Structure formats: structure tokens, C-alpha cells
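The values are calculated or read from the model by the stated rules, or taken from the named source; none is laboratory data. Just so it is clear, the model here is predicted, and its values are computed rather than measured. Using ideal geometry, Cβ is built from the backbone for each residue, glycine included, and neighbour counts are taken over all protein chains shown.
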Ligand SMILES: [Zn+2]
């Protein structure tokens, strides 16, 4: 699924429950569902930073504010709204139309919907919060911070709120680098998987977009490689603890087999659309066009992953980090993918 509010880069998402599997010894512990000890909201930090990127745990503030009746409005104003005002005032207030703008561009609007959302959706919010806490999300955040520190990427300044929102539709994305959100109550996403794999996936997109600079337009193959890079990065990020199929939209092993079984045909039938810049073509919208009706998940993510994988195997010593600053056309040309596949 593609979000609609990302003019600078495409941000894409998926759902499902992650089951981590270990194929080699990890260099450091990664949080898994095997560790049952839950944290509490109070134990969570209200934000954490990865280089110049800040993640706000807005949901923590929203839940704590609603522990009292009436709600602690000041906490909403200070810790949800004003702390990350551009997200609400410039992104949500614009993206959801003039009729809804008042919800996001005033203190009273923000207070009102936060009160109403908790009153009306309390069960949903409580259960998502319980799920997040059961995932040892504080450990996971630490893992992300430390892992990115180790990887030493140049992380552009960016701000992300993890928040409950009264309207959903952005998912995990935003209108600008200082206006990112992950909508925790967006029904299309699986919270546990998104917090674990979605964060590094999206951060790679931010790094990649920062390194390549603004582009006038994207060809379908550019978006394909763009997603392939982010998926490959996630696989690499977990240092062998996540199978490739899980790193690509959390596919199953049999999903992956489907693609391998049809790889030549997929390439042959999709190649004619590589240069399309309309965004409306069978490569980017296999579901809509039905070219491969039985293909699981998103076809072009998988194809992008294979092209990236092919490039890296053709260039020993090159890393996914090196590719984050390489033009997509160069990655395709150097991948040798067609030659390996068809000859
Ligand atoms: Zn993506």
C-alpha cells in the first residue's frame, strides 16, 4: 500500500506478525517476542534520537493524559501538539481537507479529538498499547539507536511521531522530513512488525532520499529499486536473524517460492514498464492490473530486492550502504540481473 502524502519519497507499508528466526549468531541482542517481560508506559522515554532524527512517543503522552478525568489537556498541548507542531499544523491540517483542519491547527482542536478518540476507541487504544509494551519496545528502540550508530549512516534531520490519530490514511509517512508519523491505530498495519522492521525500512528511505537529493520524477524501475533497497537493508540490518522473505513485506517462505518460480516471466512481462513515469502501470500496480493474480504481497518490492541482491553479488565488497547514494539507473545497469536471469 502506498501512502498519498509523500511528495519527496515513496513510503510503503505492510501488515502481519513477525516471527524472528535465527540463521546465525547475532552480534547483539535484538528484541523478540520470546522475552515476555513487559515495560510500562512510564518506563518508556517520551522520545529517542538516532543521530539528527527524533522519534516522539506521542502515544505514550496520549495514553498518560487520559489516565485522569478530565483528560490532562496541557499534556496533549505540550507533549503531543507543540512538540511536533509542523506534523499536525502543516501536514494533517492540509492533508485531510479544510473541514478537518481545525482538528489539527489549534490547541482546542487537538484537545477535543484526543478526548473523543480515547472515549470512543478506548478498547482499541488500550489493546494496541498493551501490545506495544509487550514487545519490549524500549529495548527495540535502543536496538534501533545502537544499530544505526554502528552502521554510521548520515541520518538527515527528521522528526517522527508514533501516535494515535483521529483520521488515518498517512500510515507511516509524512509531508516533509520534519513531519513524519506512524499512525499506530491505522488498521492496515501490524504494530509489532512495523516497530521492529518498519522503522529501519523507512529510515533507509530517508537516508536514501537525502543522499540522492530531490528528483523531478520517478520511473517505475526507480521506485522498484527504491523499495528493493529498503527491504534489502532491513534484511542486512538484522544481521541474518531475519529471513529474506520476511524482510520483503513479511512474506512467507512459500510466498517467496512463488516469485522464484515465476522470476523469468515476471521480468519479461514487467520490463516494458520500467521507464513509465505515470505511476499507473502493471509493475507498480500488479493487483490492479492482475498480470500475476496469484502473486503474494507487492510484486515490485520483490523484484527490486532481487535486482539489488544481483548488484551486490556482482560487486563483491560493495555494501547496501554504498548503494544508498547510487542512482537507481546505475544500480540497474550494474546489477547484471537480466543477463543472469535470461542467459
Ligand atoms: Zn518502502
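Per-structure values
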| read-out | value |
| --- | --- |
| Single condition residue 58 does not satisfy, out of (1) surrounded by fewer than 21 Cβ atoms within 10 Å (Cβ to Cβ); (2) under 22 Å from residue 122 (Cα atoms) | (1) |
| Odd one out for residue 192 among (1) over 24 Å from residue 112 (Cα atoms); (2) surrounded by fewer than 24 Cβ atoms within 10 Å (Cβ to Cβ); (3) at pLDDT 90 or above | (3) |
| Meets criteria (at pLDDT 95 or above, outside the structural domain of residue 199 (by TED's automatic domain parsing) and in contact with a strand residue (DSSP E or B) (Cβ under 8 Å, 6 or more places away or on another chain)) for residue 289 | no |
| Selection count where residues are exposed (fewer than 13 other Cβ atoms within 10 Å of the Cβ) and not in a loop (DSSP other than H, G, I, E, B), scope region 272-312 | 2 |
| One residue from 180, 164, 172 being closer than 19 Å to residue 64 by Cβ and in contact with a strand residue (DSSP E or B) (Cβ under 9 Å, 6 or more places away or on another chain) | 164 |
| Only one of 227, 330, 263 that is under 16 Å from residue 204 (Cβ atoms) and modelled with pLDDT of 95 or more | 227 |
| Residue under evaluation residue 232, criteria (1) without any contact (Cβ under 8 Å) to a residue 24 or more places away in the chain; (2) within 16 Å of the ligand (Cβ to nearest atom); (3) surrounded by 15 or more Cβ atoms within 10 Å (Cβ to Cβ), criterion not met | (1) |
| When residues of region 136-156 are limited to those that are surrounded by fewer than 18 Cβ atoms within 10 Å (Cβ to Cβ) and assigned to a loop (DSSP other than H, G, I, E, B), the one nearest to the chain's Cα centre (by Cα) | 156 |
| Residue in region 101-117 that is surrounded by 20 or more Cβ atoms within 10 Å (Cβ to Cβ), under 22 Å from the mean Cα position of the chain (by Cα) and part of a helix (DSSP H, G or I) present | no |
